[in-house]
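Below: one structure, written as C-alpha cells.
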Amino acid sequence: MGSLLGTLAFSAQALEADEGALSVTSNNIANANTPGYSREEAIFENAPTVTEGDITYGQGVTLAQVQGIRDNVVELGVQQGLAQQGQVNSYLSSMNQVQSLFNEAQGAGLQTPLSNFFEAFQNLSTDPTDTSLRQAVISAGQTLASAFNQASNGLGQVQSGLNQAIPQSVSQINQLTGQIAQLNSQVESAQNNGADPSQLIDQRNNLIEQLSGLVSVNNISASDGTVTLTTGNGALLVAGQQSYALTTGTGASGNVDVFSQGTDITSTLTGGSLGGYIEARDGSNGVLAAEQNLDQLAYSVGTAVNTQQEQGFESDGTPATTQPFFGFGSLPAGSSAGAAAAISVAATSSQIAASSDGTTGSNGNALAIANIENQTLNGLGGQTATDYYSNFVANIGTEVQQATNQQTAQNLVVQQLQNQKASISGVSLDEESANLIQYQTAYSASAQVVNIISQLAKTAISLGEGS
C-alpha cells in the first residue's frame, strides 16, 4: 500500500535484489578464466501490485532467479565437433605409424628389397655357376623375407597398441558416465528444491564434452534437468541417475572389441578417440587391411617364385620339384593369412634352380624367375608385385594426407564453435564491469530511499508523540 512502512519494505527488498545481482556479477568476474564456466544473469521481476480505490501501487522488485546463459544448440555443436576431432586425431596418429613402416626414403618398406631380389636373379643368369652370384640371390631373398617380416611385425605392434588403447578409452568413458549420472542426480535435486543448478550443469557439460572427445554421443535433455546419453548407434550410457558401463573382451576376430550389456557394438561405434582407434584398426584402409594386403603380396610373390623354382634344376642337375625357394612355415596350404610374418628362404645357394634343362651353365630358369617382376601375379588383382605394392603404399599415403587435411579443417571448426560458445556463455569483463556500476548505483539509490523513508517515519512518530 502507499504508506511509509510499505515503501520502506519494498525499498529494503530492492536492496536485497541489488545485493544479489552484485553477488552474481562478482561471481562472473571471479570465474572469467574458469574453463567451461557459463556466465550467470540476475533476472529481476516486478513485485505484485496492490490497488487501493482507483490507485494501483507498485511493490518494488524481486530477484526472481539467477540464470546461466548457454545455447543448447551451440553446446551440441561443440560436442559433435569434439567427437569428430577426437576421431581424426587418433586415426591419424595410428595411420602415421602405419605409413612409417613403408617409408622408402628412410630405408623402410619393400620397394628396394623387391627390386634387388629380382635383380639378383637377373645377375645370376649371366653366370649360373658363380657361387658368389648364387649367394647374392640367397642374401637378396633373405633381405626381402626380412622386410616382409619386419613390416608384418610393425603392423602387429600398431595393432597391439590399438588393442591396448581401446580398453583405456572405454575405462575413461565409464568413469565419465558415472560422474555425469551423479551430476544428473544433483541437478534434479537442485531444480526440485528451487536452487540454481547452473554450476552443476556447467560441470556436467564439461564432462559431456570430455566424453564426446572419446566417443560420439547423442544427448537428450529431460524436463527434470537430467540428460540421457547414448552412443551414436543408441547404446545406453546414462539415463537419469544410472550409468551403464561399456565392457571390452575378445571379439570374433581375436581383437579387443567393445560390448554394451553383452552385445558387441564395436562396428557401430564412431567419433572420439575410441572411434578413431577402431577405424584405424578395422577400417578399409586400416591396420587389418594393411596386414591382409601385405600377407597377400608375400604369398603371391613367394608362391610365384616357388612355382618357377620347382620347374628348374639345382646346380648339380637335380630337379627342384620338391625344393621351394621360399618357405611359409606351418601355414595351411593355399592360405595367405600370416604369410608376411612366416616367409623365409628355404633353399641353399646350391639348390637355386637357375638351370632350365639340368645342364651346367643353363640360365633359363633364373631368367624366368627374374621376369616374375614384370608379370601379373595370382591374388594381386591383375597387377605385378611392384605395382600392387606401389598402389598399396600410395593408398596409405592418400589416407594419411586426407586425414591430415580433415584434422586441420576440424580444428578450425571446433575453434569456431568454441568461440561462438564463448561469445554466448563466456564472461565479458567489460560487460560485467558495467553491470557492477549499474547495480552499485541502484543499490546506493535504494539505500538512500531507505534512509529518507526511515527519517520520515521517525518524524511521523515524533509528531504522533507530540500530539
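Descriptive notes on the structure:
- Meets criteria (assigned by TED's automatic domain parsing to the domain that holds Q179 and in contact (Cβ under 8 Å) with a residue 60 or more places away in the chain) for I201: yes
- Within region 352-367, the residues that satisfy the criterion of being within 56 Å of the chain's Cα centre (by Cα) and crowded, with 20+ Cβ neighbours inside 10 Å are I352, A353, A354, N365, A366.
- Set I396, I424: member being within 30 Å of F102 (Cα to Cα), surrounded by 12 or more Cβ atoms within 10 Å (Cβ to Cβ) and either touching a residue at least 40 places away in the same chain (Cβ under 8 Å) or not small (G, A, S) (or both): I396
- Condition met for Q402 (without any contact (Cβ under 8 Å) to a residue 60 or more places away in the chain, closer than 14 Å to N89 by Cα and either touching a helix residue (DSSP H, G or I) at 6+ places or on another chain (Cβ under 6 Å) or not assigned by TED's automatic domain parsing to the domain that holds S93 (or both)): yes
- Close contacts from region 224-243, counting a first residue that is in contact (Cβ under 8 Å) with a residue 40 or more places away in the chain and a second that is hydrophobic (A, V, I, L, M, F, W, C) and surrounded by fewer than 21 Cβ atoms within 10 Å (Cβ to Cβ), with Cβ to Cβ under 7 Å and a gap of 6+ residues or different chains, come to V227/I220.
- Count of residues meeting criterion [free of Cβ contacts under 8 Å to residues at least 60 places away in the same chain and under 18 Å from V98 (Cα atoms)] in region 138-156: 4
- Matching strands (runs of 3 or more DSSP E) fully within region 191-306 where at least 3 residues are out of contact with any Ser or Thr (no Cβ under 9 Å at 6 or more places or on another chain) and within 30 Å of N391 (Cα to Cα): none
This table checks each residue for (1) under 30 Å from R281 (Cβ atoms); (2) of a type in the set (V, I, T).
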residue	(1), (2)
T7	no, yes
S11	no, no
G20	no, no
T25	no, yes
T49	no, yes
Q67	no, no
V78	yes, yes
M95	yes, no
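- Looking only at residues of region 15-45 that are out of contact with any helix residue (DSSP H, G or I) (no Cβ under 6 Å at 6 or more places or on another chain) and of a type in the set (D, E, K, R), we find that the one that is nearest to Q203 (Cα to Cα) is E41.
- Residue within region 386-405 that is more than 32 Å from the chain's Cα centre (by Cα) and either in a helix (DSSP H, G or I) or on the phi < 0 side of the Ramachandran plot (or both) present: yes
- Matching option when the condition is under 19 Å from R281 (Cα atoms), part of a helix (DSSP H, G or I) and not hydroxyl-bearing (S, T, Y), among Q150, Q142, Q122: Q150
- Residues of region 61-101 that turn out to be assigned to a loop (DSSP other than H, G, I, E, B) and buried (at least 21 other Cβ atoms within 10 Å of the Cβ), as a count: 1
- The condition of being without any contact (Cβ under 8 Å) to a residue 60 or more places away in the chain, over 18 Å from Y91 (Cα atoms) and assigned to a helix (DSSP H, G or I) does not hold for D357.
- A single entry from A151, A190 fulfils the requirement of being small (G, A, S), within 25 Å of G276 (Cα to Cα) and out of contact with any strand residue (DSSP E or B) (no Cβ under 8 Å at 6 or more places or on another chain): A151.
The values are calculated or read from the model by the stated rules, or taken from the named source; none is laboratory data. Worth saying up front: this structure is predicted, and the values here are computed from it rather than measured. Quick reminder, even Gly has a Cβ in these numbers, built from the backbone with ideal geometry, and neighbours come from all protein chains shown.
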